[in-house]
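See below for the structure under consideration.
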There are 2 protein chains.
Amino acid sequence: MAKRVTIKEVAQQAGVSYQTVSKVITGKAQVTPETEARIRKAIHDLGYRPSHTARSLRSNRSYTLAYSWPPSPRDQANPILDQFLQSMFTEAEQHGYYLLTFPYHADPAARVAAYQDLIDTGRVDGFIISSVEYNDERVLCLLENKIPFVAFGRSNPELVFPCIDVDGGAGLRMATRHLLEQGHRQIAALAWPEDSRVGNNRLEGYFSALQEAGITPPPDWVVRGEGRVSFGFKATRRLLALPPGQRPTGLVCLNDAMAIGAMHAAQERGLQVGVDLAITGFDDAPMVQYLNPPLTSLRQPVWEIGRQLIQMLMDQLDTGEQPDPLCSLYQPELMVRASSTGQFAGFENVS
Amino acid sequence: MAKRVTIKEVAQQAGVSYQTVSKVITGKAQVTPETEARIRKAIHDLGYRPSHTARSLRSNRSYTLAYSWPPSPRDQANPILDQFLQSMFTEAEQHGYYLLTFPYHADPAARVAAYQDLIDTGRVDGFIISSVEYNDERVLCLLENKIPFVAFGRSNPELVFPCIDVDGGAGLRMATRHLLEQGHRQIAALAWPEDSRVGNNRLEGYFSALQEAGITPPPDWVVRGEGRVSFGFKATRRLLALPPGQRPTGLVCLNDAMAIGAMHAAQERGLQVGVDLAITGFDDAPMVQYLNPPLTSLRQPVWEIGRQLIQMLMDQLDTGEQPDPLCSLYQPELMVRASSTGQFAGFENVS
DNA sequence: AACGTTCGTGCGAACGTTCGCATTAACTAT
DNA sequence: ATAGTTAATGCGAACGTTCGCACGAACGTT
């Protein structure tokens, strides 16, 4: 490797002190245009690049943000991961930062220790966290250490920290309204267990839209279980076995996996998805548009969220102040496809 | 934030020079057990953690690896990304390293500049690269600068660097043999354009398996296009329009998207996938097991590859030597499902 | 006792920059 | 001419550690 040019060599060539070179680079002191031009020429001619490490040591800033996320089970892709990461490190780059990734340990103590390590060794300036739980130990650790961070997702209300969340309730309201607009009056929901904060928030939107339409859903219409294909399949079978006066013709699901299972259950009974049973999902996983029929699903504005999280964190690092508002809610978008409308042109022209 | 404990405070408490404390930490010089014990106690009592930045500056090592990857188009998920990243940073952590992520710029000049930036500022010790192209500028830049790196994927043979690849040819041979074993003798292939290195390598496996079975495929059986659902749909329609003596009953596809399109084309004609037309894909994207019927597909050993890449790079950084063998080929695994066998138990018990 | 060797520890300096203050020159006002 | 102010630049030291050498003590051999 070629020997790295130092600031002292630039100073010598430009005929100034090396501290003056530093002043030009950091822009923190006044330097005459003539001197500055001379220095910039020397920088260019010598191909000088400041050492990140030396700057970091002196300035007490690493220009690094860290993010860790739970691995998806083998049989599920994380539908937003690529775009989420891409948006974050692209925005970070605009600010001279990089995104460092590290394992999300299953054991909470090991998980917190990994965060503490990065803090203690001065490795990162701040954190992005997601998949936030009630009394999340990571949040507690970062708050206690007064470490800058931002979160995708909310925690319990007494923990106060900057966050962005998707308004899942608004999303389910949108999906439910859409089915109502398609003429459906018997609309069921596949939901997560009652201790799921995100799940309950989404379900509120479903109830709210039905209430607006003057519909009181019977308890049978809300079926709770795991957000998986098999649960969706079995739950939908049960729903389709209800008496005709009660049997739903519409179904909103809290995620795409359940919706896929529901589609298979309907098709097993010879029903036409979108016509006999209209189905919506949540997440708009990339491949759902290639199902037959393509699935209507709620899409999160992942790029914008990732970008905004980094912006919030940058502001926090630059000003030492918390963002206002502290928490923002982003609206999902309903991607309407044939699983709810019954209308599909075919696979020739899909991408 | 609590004031960080320095090595000098540890030295004072242990009654030794701070250089001796450093010797205990790095283990690079002999220290008596009594002195060492005294120092370790002081480290523990004071909660001392060495400053990464200071160590980095002095030792000329950042303990950071970098990885950048092309974003997936909006309508396609990267099926292996999560696991690939997880495997790499988990292995890196075992070696005291972290994985830094950064944008893969569309413009080749900007892309190389991003790599050069990280090199010039001493930000990373080495790189992992993937999606390697012929005469890939990143490879050229890293070779020229003598920067340690490892690659997932091969380039042109005159560029010599450490790499791991999946034996796509072996995979397609496996898939083709599997269809032969299912009794199919008319087996077509959906492939990428002729300038695709990976595509041609995979297709060699198809030809090889047919040759072994004494079958010479007519030119009509190999259809080339983009690895997308719509291409797969249209190409399969064309294949199914061939005269019965030529019409294939088996189809190997170079990726899952084409296979999905093929399935839809078969079903459009009222054919039963797995029985009337047996189909295989490549990548085993997580959701293909939830298609109806679930898709037979080749799975790459992503975790092992990621882990091994980091190990190779660590060895290179520790010894300054290239790995032997320089390139390793990993075998994919054929995940047999109903799209090729026609046998499917149903969705109750899938996850 | 004198000499040679080995072990254990301390020291000086380096790594490459930024921070905060001091100094000097130039300009303006009285 | 003198005093005060401002702008521009240089300097000393700091950031927190590691590297490489020097030195003293202890031990073994002659």
Which ones in segment A:254-276 are farther than 18 Å from B:V350 by Cα and either buried (at least 24 other Cβ atoms within 10 Å of the Cβ) or of a type in the set (S, T, N, Q) (or both)? A:L254, A:Q272, A:V273
Might you check whether a residue that is within 16 Å of DNA strand C (Cβ to nearest atom), at positive phi, in contact (Cβ under 8 Å) with a residue 24 or more places away in the chain and crowded, with 20+ Cβ neighbours inside 10 Å occurs anywhere in segment A:106-129? yes
Go through segment B:307-347 and count every residue that is over 30 Å from A:Q267 (Cβ atoms) and open to solvent by 40 Å² or more (accessible area, probe 1.4 Å). 16
Taking the conditions exactly as written (closer than 22 Å to B:S328 by Cβ and within 12 Å of chain A (Cβ to nearest Cβ)), does B:Q116 satisfy them or not? no
Residues located in segment A:131-168, provided they are more than 21 Å from A:S62 (Cβ to Cβ) and small (G, A, S): A:S131, A:G153, A:S155, A:G168
Could you count how many residues in segment B:36-50 are open to solvent by 90 Å² or more (accessible area, probe 1.4 Å) and more than 23 Å from A:L118 (Cβ to Cβ)? 2
Failed condition for B:P79, given (1) in contact with a Pro (Cβ under 9 Å, 6 or more places away or on another chain); (2) without any contact (Cβ under 8 Å) to a residue 40 or more places away in the chain: (2)
Based on what the data block shows, is B:L309 assigned by TED's automatic domain parsing to the domain that holds B:L254 and either in contact with a strand residue (DSSP E or B) (Cβ under 6 Å, 6 or more places away or on another chain) or assigned to a strand (DSSP E or B) (or both)? no
B:N145 being at pLDDT below 95 and within 16 Å of DNA strand D (Cβ to nearest atom): no
Does segment A:7-27 contain any residue that is in contact (Cβ under 8 Å) with a residue 24 or more places away in the chain and more than 16 Å from DNA strand D (Cβ to nearest atom)? no
Residue, farthest from the other protein chains (Cβ to nearest Cβ), within segment B:212-230, restricted to residues that are more than 22 Å from B:V166 (Cβ to Cβ) and not in a loop (DSSP other than H, G, I, E, B): B:P219
Within segment A:280-297, identify whether any single residue is within 14 Å of another protein chain (Cβ to nearest Cβ) and over 25 Å from B:N349 (Cα atoms), and answer yes or no. no
It is to be established whether one or more residues within segment A:51-69 are open to solvent by less than 50 Å² (accessible area, probe 1.4 Å), in contact with a Pro (Cβ under 6 Å, 6 or more places away or on another chain) and either within 10 Å of chain B (Cβ to nearest Cβ) or at pLDDT 90 or above (or both). no
Just name the residue that is farthest from B:K3 (Cα to Cα) out of those in segment B:14-35 that are surrounded by 15 or more Cβ atoms within 10 Å (Cβ to Cβ) and near DNA strand C (Cβ under 7 Å from one of its atoms). B:V31
Looking at segment A:232-253 only, could you name the residues that are away from chain B (no Cβ under 14 Å), open to solvent by 10 Å² or more (accessible area, probe 1.4 Å) and in contact (Cβ under 8 Å) with a residue 24 or more places away in the chain? A:Q246, A:R247, A:T249
For the subset of segment A:312-347 comprising residues that are within 14 Å of chain B (Cβ to nearest Cβ) and assigned to a helix (DSSP H, G or I), which member is nearest to A:L254 (Cα to Cα)? A:S339
Evaluation of B:V350 against (1) away from chain A (no Cβ under 12 Å); (2) open to solvent by less than 70 Å² (accessible area, probe 1.4 Å) (one fails), failing number: (1)
Do we find a residue being within 8 Å of DNA strand D (Cβ to nearest atom), more than 14 Å from chain A (Cβ to nearest Cβ), under 26 Å from A:R61 (Cβ atoms) and not β-branched (V, I, T) anywhere in segment B:29-40? no
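The values are calculated or read from the model by the stated rules, or taken from the named source; none is laboratory data. Note that the structure is a prediction, hence the values are computed from the model and not measured. A quick note on method: Cβ atoms are made from the backbone with ideal geometry, for glycine too, and the neighbour counts reach across all protein chains shown. In case anyone asks, the SASA skips ligands and DNA or RNA and just uses the protein heavy atoms, side chains included. Shrake-Rupley method; radii C 1.70, N 1.55, O 1.52, S 1.80 Å.
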